[in-house]
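Trainee: I'd like to ask you about the structure that follows.
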Amino acid sequence: MIPGVFLIGLPGAGKTTVGRQLARRLQLPFVDSDQVIEERIGCSIRAFFEREGEAAFRDIEEAVIDELTLGAACVLSTGGGAVLRPANRRRLRQRGRVFYLRSTPDELSRRLRHDRTRPLLQVTDPLSRLRELYAARDPLYRETAHYVIETGRPSVATLVNMILMQL
Ligand code: S3P
């Protein structure tokens, strides 16, 4: 039986796009933890961050990841900051196969140049911000993941095949 497949990585790495196609190929449900959180809080993550702050968001994220990783097998795309909490890192790694979609800050900044939804990137210099996030989180993604998938050149279909080969 295929265990849950959990995708981690920085915003813009392609977790949702790759996750949807991967789920289709595996005939598993696709779940996006950010979407589940938004349904639960009843507003956008960006609005929630502004109103309640990051710590309140991380508490909800931890509870949602706990539930989703314990539920029926699925392809789960997690928010970029999910690895910040040790409990999330432990649960993801123990409860499924974890793939780190790794991209460089330059690639991410190109992909996200028109994005207005990510609260942490609403700054005057998103590239510097992405570099900081990368430096802080790359070790955490590597510690959590069973596999690292380099997202630089391959198409989405190729990335999906690369993941399927490891399962
Ligand atoms: C965050 C990434 C977002 C979302 C929230 C915080 C982060 O998810 O969970 O805005 O800390 O990197 P994506 O990685 O899907 O953008």
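Throughout, read-outs are computed from the coordinates displayed, never taken from laboratory work. Everything numeric in this text was worked out from a predicted model, so none of it was measured. Quick reminder, even Gly has a Cβ in these numbers, built from the backbone with ideal geometry, and neighbours come from all protein chains shown.
Trainee: Using DSSP to call loops (not H, G, I, E or B), can you name the trypsin sites (Lys or Arg not before Pro) in segment 111-147 whose Cβ has at most 16 other Cβ atoms within 10 angstrom?
Mentor: Those satisfying the criteria are ARG113, ARG116.
Trainee: Let me ask something else. Within 12 Å, Cβ to Cβ, of SER77, how many net charges do the neighbouring residues add up to if Lys/Arg are +1 and Asp/Glu are -1?
Mentor: Within the 12 Å Cβ shell, the charges total 0.
Trainee: Let me ask something else. Given ALA82, PHE49, VAL5, which one lies farthest toward the positive end of the charge dipole of segment 1-88, if we put +1 on the Cβ of every Lys and Arg and -1 on the Cβ of every Asp and Glu?
Mentor: Sorting the options by dipole projection puts first VAL5.
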